[in-house]
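Report on the following structure.
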Number of protein chains: 2
Amino acid sequence: MTHPRRIPKSKLVEYKKLLQKKYRRVQRQFVIEGVHLVEEALASDWDCEALLVSENFLTKNVFPAIADRAAARHVMLYEASDRELETLTDTVTSQGIVGIVNEKSYDAGNLLNLPSRRSLIIALDDIADPGNLGAIVRTCDWFGTDALVLSEDTVELYNPKVIRATMGSMFHMPIVTAIDLEGFLASAKRCGFTILAAVPGGESVLDFGPIPDRAVVVFGNEAHGIHENVLRLASATIAIPRFGKAESLNVAVSAAAVLTALRLRRP
Amino acid sequence: MTHPRRIPKSKLVEYKKLLQKKYRRVQRQFVIEGVHLVEEALASDWDCEALLVSENFLTKNVFPAIADRAAARHVMLYEASDRELETLTDTVTSQGIVGIVNEKSYDAGNLLNLPSRRSLIIALDDIADPGNLGAIVRTCDWFGTDALVLSEDTVELYNPKVIRATMGSMFHMPIVTAIDLEGFLASAKRCGFTILAAVPGGESVLDFGPIPDRAVVVFGNEAHGIHENVLRLASATIAIPRFGKAESLNVAVSAAAVLTALRLRRP
């Protein structure tokens, strides 16, 4: 294996800008950090532009397989110092490997026209907390949700905190970002999807009538819930029944509870 | 209503120390911030030593009810500047109200000898992340879990991040802290409890045989799971079946999924 070339200063300057949302948006690229995320990205159908590794990382056991995989996928491999790698991320200690990944766009229309009779899509309306979005992505992936759609005002998927919290699950399923949720739900209804809105006081997911074969379940903002104009499009409201005294559930926890109940009732 | 007295400098110095875990441990006190947590504490059977409010807070609509409640419970009421309040907490902007609460100890033995035939206790083995612990407390409260027990190496319940994430649920149910988990589980078994360990690859909670009337469900550390010596005491292992590709679930999400499944199967 040849020693990777030193990263040119100009490239480093370019990639450093990806710490800022506005540049991510312009470049349609984002940064991932650490072995696990890089391996997940390389194993997925997402397109990686470059990998940057520290000198120390070159000696690690995991490196040869990653380098082979990167070469097979025509991903540029650069060497950079730990200090340089740290300037590309919001974490304090370099993990020795960073990837530059190109955004992947999914077409919302395709999600609604899948040949499968059964389909479960999760839609998020204005989720604000990066940790919550990441946990929901991971949870949807665990429960084999067919797709996830994110409203325009939901926190950016490519935010480094979101990416870390997804634990690689963002590379496992279609996620449509910055969607006009009202328009999407209206189309979904026309395609035979039932829109279920998760709201406090909704009908218990444990008792709720037959689970529709094709459903979109909507979860709303941590503080304000689902917007009125989105809620209007729901065929029914659902909720996790409360057995104790808590006023509310965290939205990622709520999504997990709903998905468990749906899976339990429609395995 | 009389104007509250200015907080003496010596008191402020004393309370400021509660930002540090070692002083919380010595003083057996902790700090809560914001209207919601203060209201929850005052409505609970936890003992509040003092409330500190900003001058601006005195003019708020919620203040008179809080002051009455505090007076009825013999809680000292002090006025402090926003800057002083900020020195008592790890948040940047003062919410105008802070409470000093005394730790409440629950006896683990009592939890096991409740008269109710049915009892569900959640035990946490070495949970490291404050946000996860807080979310689990809130989730257990929502699902009406009878009690929560925390191993010695679990993150401190009185950590400000944990307290915030509980959203007041920590005041709603018995939580036994810094417990010898092995000893507790051995006692629980003798009292007729079934110990269920949540581990990857455990038996599906959806298919698992009859749900025991008295059970302790154990969740382990985010990275390393349940310690071997604790796992040995389990009668069975349980898991949330995976339908997709994620490698694991966040532990708070996992607790929510298990509690949903248990409630769904034993309402």
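All of the numbers you see were taken from the coordinates with simple rules; none came from a lab. Quick caveat: nothing in here was measured; it's all calculated off a predicted structure. Cβ coordinates were reconstructed from backbone atoms using ideal geometry, including for glycine residues, and neighbour counts include every protein chain displayed.
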Residues that are surrounded by fewer than 20 Cβ atoms within 10 Å (Cβ to Cβ) and closer than 12 Å to B:Val98 by Cβ, drawn from the stretch B:36-49: B:Glu49
Looking at the stretch A:152-175, which of the residues that are within 14 Å of another protein chain (Cβ to nearest Cβ) and assigned to a helix (DSSP H, G or I) is nearest to the chain's Cα centre (by Cα)? A:Met170
From the set of residues in the stretch B:61-75 that are among the hydrophobic types (A, V, I, L, M, F, W, C), in contact (Cβ under 8 Å) with a residue 24 or more places away in the chain and outside any loop (DSSP other than H, G, I, E, B), which is surrounded by the fewest Cβ atoms within 10 Å (Cβ to Cβ)? B:Ala67
Taking the residues in the stretch A:104-147 that are away from chain B (no Cβ under 14 Å) and aliphatic (A, V, I, L, M) as candidates, determine which candidate is nearest to A:Ser187 (Cα to Cα). A:Leu112
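One line per residue, one yes/no per condition, for (1) surrounded by 15 or more Cβ atoms within 10 Å (Cβ to Cβ); (2) at the interface with chain A (Cβ under 8 Å from one of its Cβ atoms); (3) among the charged types (D, E, K, R); (4) not in a helix (DSSP H, G or I):
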{"site": "B:Gly202", "(1), (2), (3), (4)": "yes, no, no, yes"}
{"site": "B:Gly209", "(1), (2), (3), (4)": "no, no, no, yes"}
{"site": "B:Val216", "(1), (2), (3), (4)": "yes, no, no, yes"}
{"site": "B:Leu233", "(1), (2), (3), (4)": "yes, no, no, yes"}
{"site": "B:Thr237", "(1), (2), (3), (4)": "yes, no, no, yes"}
{"site": "B:Ala246", "(1), (2), (3), (4)": "yes, yes, no, yes"}
{"site": "B:Leu249", "(1), (2), (3), (4)": "yes, yes, no, yes"}
{"site": "B:Val253", "(1), (2), (3), (4)": "yes, yes, no, no"}
{"site": "B:Thr260", "(1), (2), (3), (4)": "yes, yes, no, no"}
Does A:Leu58 satisfy the condition of being in contact with a Pro (Cβ under 8 Å, 6 or more places away or on another chain) and either of a type in the set (Asp, Glu) or in a helix (DSSP H, G or I) (or both)? yes
Conditions (1) more than 18 Å from B:Gly225 (Cα to Cα); (2) assigned to a helix (DSSP H, G or I): number failed by B:Gly192: (2)
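Results for (1) among the hydrophobic types (A, V, I, L, M, F, W, C); (2) within 15 Å of B:Lys104 (Cα to Cα), shown as yes or no for each residue.
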| position | (1), (2) |
| --- | --- |
| B:His3 | no, no |
| B:Ser10 | no, no |
| B:Tyr15 | no, no |
| B:Val26 | yes, yes |
| B:Glu33 | no, no |
| B:Ala41 | yes, yes |
| B:Asp47 | no, yes |
| B:Ala65 | yes, no |
Is it the case that the stretch B:72-83 has a residue that's in contact with a Ser or Thr (Cβ under 9 Å, 6 or more places away or on another chain) and within 24 Å of B:Ala188 (Cα to Cα)? no
Could you please let me know if B:Leu181 is on the phi < 0 side of the Ramachandran plot and surrounded by 24 or more Cβ atoms within 10 Å (Cβ to Cβ)? yes
The stretch A:174-194 residues that are touching a residue at least 40 places away in the same chain (Cβ under 8 Å), paired with ones that are among the aromatic types (Phe, Trp, Tyr) (beta carbon under 6 Å, 6 or more apart): A:Pro174/A:Tyr106; A:Val176/A:Tyr106
Which listed residue, of B:Tyr15, B:Tyr78, is touching a Pro at 6+ places or on another chain (Cβ under 8 Å) and more than 30 Å from B:Asn221 (Cβ to Cβ): B:Tyr78
Given the options A:Leu58, A:Leu18, name the one that is in contact with a His (Cβ under 9 Å, 6 or more places away or on another chain) and within 14 Å of A:Val98 (Cα to Cα). A:Leu58
Residues that are within 14 Å of chain B (Cβ to nearest Cβ) and within 14 Å of A:Ile121 (Cβ to Cβ): does the stretch A:176-187 have at least one? no
Name, by its number, the condition in (1) touching a His at 6+ places or on another chain (Cβ under 9 Å); (2) among the aliphatic types (A, V, I, L, M); (3) closer than 21 Å to A:Gln20 by Cβ that does not hold for A:Leu88. (1)
